[in-house]
Amino acid sequence: MPFNGKAAHKFLETMAKQQGYVKIKGSLGGLTFYKKNGDEIIRTTGGVSKERILSDPSYRRTRENMKEFAGAATAGKGLREGFKEIAKRMSDDYAVGRITGMMKRINSVGVGQRGQRPIHILLNKLFIEGFDFNKVTPLGSVLHASYSVPSLDVNRSIATWTVPDFDTDTGVTAPEGATHFKLVLASAVLSDYVYSSATKTYEPTSPEENSVRGVTMSAELPIGGMVGSDTTLTVDLGFTAPLPPTVGVLVGVGIIFYQLIQTEYYELASNNSLRIVMVG
């Protein structure tokens, strides 16, 4: 829906409570962010009416901020879609807000008119690499084995990750009750996002490739002693030609813990972690 007066009015209403996008305290661009009764609240600074924000030239910067925050949220949703098959099992409660904040930082270094600055993924990969979906239990706190960054083929379609044989007694920090674990490789395409004057919203420049994803896991590996061999995981996104420079391929590695009871493996809820280790 175009970001016209009616849409902007609706945006203000829906953002009256922060829904996990960006947790901020204080004032920014004519908006005040604060916490009340456990809810994150946004109100206009000084009690200014919504109608004035949408029309008064002195609130131009506020309107620009609104558009860019909406764009960051849209790009963040694209990232989450790319990892949705696995990230929900390996994320903390604030991952959505942290992802949106990361997209806003990328937006803030974009070149162009404020309110319409692009969100370029591949050009700003350093903002993304190292992102832990579970900040409470980051990957480095549970997986201590040595491994190299995954590789991508020339088309950026096939990701390959090899973890050399290691001692699980020192190579992992397992939660209580865990008997096994799986290593995880996830790959997802994330498009650049640019502002469209036609729709007055941020849209992906490469919608067909955007959020194409894949996940693979190792077999259940017992905790105790050496794994016994190198572990190699591969994800093929199925592209037969090189991807355009307007997309980045985000590659994440992680670990999930299990408890073996009789013949069934039960996934545990703690210590599972996923990190984006490269953007290619």
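Things to note:
- Enumerated helices (runs of 4 or more DSSP H) restricted to the range 36-125, each holding at least 1 residues that are modelled with pLDDT of 95 or more: 60-82, 95-108
- Enumeration of residues in the range 235-246 that are over 19 Å from the mean Cα position of the chain (by Cα) and in a strand (DSSP E or B): 236
- Pair list, Cβ under 6 Å, 6 or more apart: the range 83-99 residue closer than 20 Å to residue 181 by Cα, other residue of a type in the set (Ser, Thr, Tyr): 90/273
- Qualifying residue in the range 247-269 (condition: at pLDDT 95 or above, charged (D, E, K, R) and in a loop (DSSP other than H, G, I, E, B)): no
- Cβ-Cβ distances below 8 Å connect the following pairs, each with a first residue in the range 119-133 that is farther than 11 Å from residue 280 by Cα, a second residue that is of a type in the set (Phe, Trp, Tyr), and a separation of six or more residues or different chains: 119/193; 119/202; 133/83.
- Filter pass, residue 193 being within 29 Å of residue 143 (Cα to Cα) and either of a type in the set (D, E, K, R) or buried (at least 21 other Cβ atoms within 10 Å of the Cβ) (or both): no
- Count of the range 146-165 residues, restricted to those that are closer than 20 Å to residue 228 by Cα and crowded, with 20+ Cβ neighbours inside 10 Å, is 2.
- Qualifying residue in the range 74-85 (condition: among the hydrophobic types (A, V, I, L, M, F, W, C), surrounded by fewer than 17 Cβ atoms within 10 Å (Cβ to Cβ) and touching a helix residue (DSSP H, G or I) at 6+ places or on another chain (Cβ under 9 Å)): no
- Residues of the range 230-280 satisfying the condition of being under 22 Å from residue 99 (Cα atoms) and either among the polar types (S, T, N, Q) or free of Cβ contacts under 8 Å to residues at least 40 places away in the same chain (or both): 246, 269, 270, 271, 272, 273
- Some residue of the range 168-177 being in a loop (DSSP other than H, G, I, E, B) and on the phi > 0 side of the Ramachandran plot: yes
- Scan of the range 205-229 for residues that are in contact (Cβ under 8 Å) with a residue 60 or more places away in the chain and either part of a strand (DSSP E or B) or under 12 Å from residue 188 (Cα atoms) (or both), ordered by number: 210, 211, 212, 213, 215, 226
- Test for residue 211: is it among the small types (Gly, Ala, Ser), modelled with pLDDT under 95 and under 25 Å from residue 92 (Cα atoms): yes
- Every residue from the range 202-253 that is on the phi > 0 side of the Ramachandran plot and touching a helix residue (DSSP H, G or I) at 6+ places or on another chain (Cβ under 7 Å): 211, 224, 225
- Odd one out for residue 216, checked against (1) closer than 19 Å to residue 236 by Cα; (2) surrounded by 23 or more Cβ atoms within 10 Å (Cβ to Cβ): (2)
- Residue in the range 146-154 that is touching a residue at least 24 places away in the same chain (Cβ under 8 Å), touching a Gly at 6+ places or on another chain (Cβ under 8 Å) and of a type outside the set (Val, Ile, Thr) present: yes
- Residue in the range 137-154 that is among the small types (Gly, Ala, Ser) and over 23 Å from the mean Cα position of the chain (by Cα) present: yes
The values are calculated or read from the model by the stated rules, or taken from the named source; none is laboratory data. Keep in mind that this is a model prediction, so the values were computed, not measured. Virtual Cβ from ideal backbone geometry, glycine too; neighbours counted across all protein chains shown.
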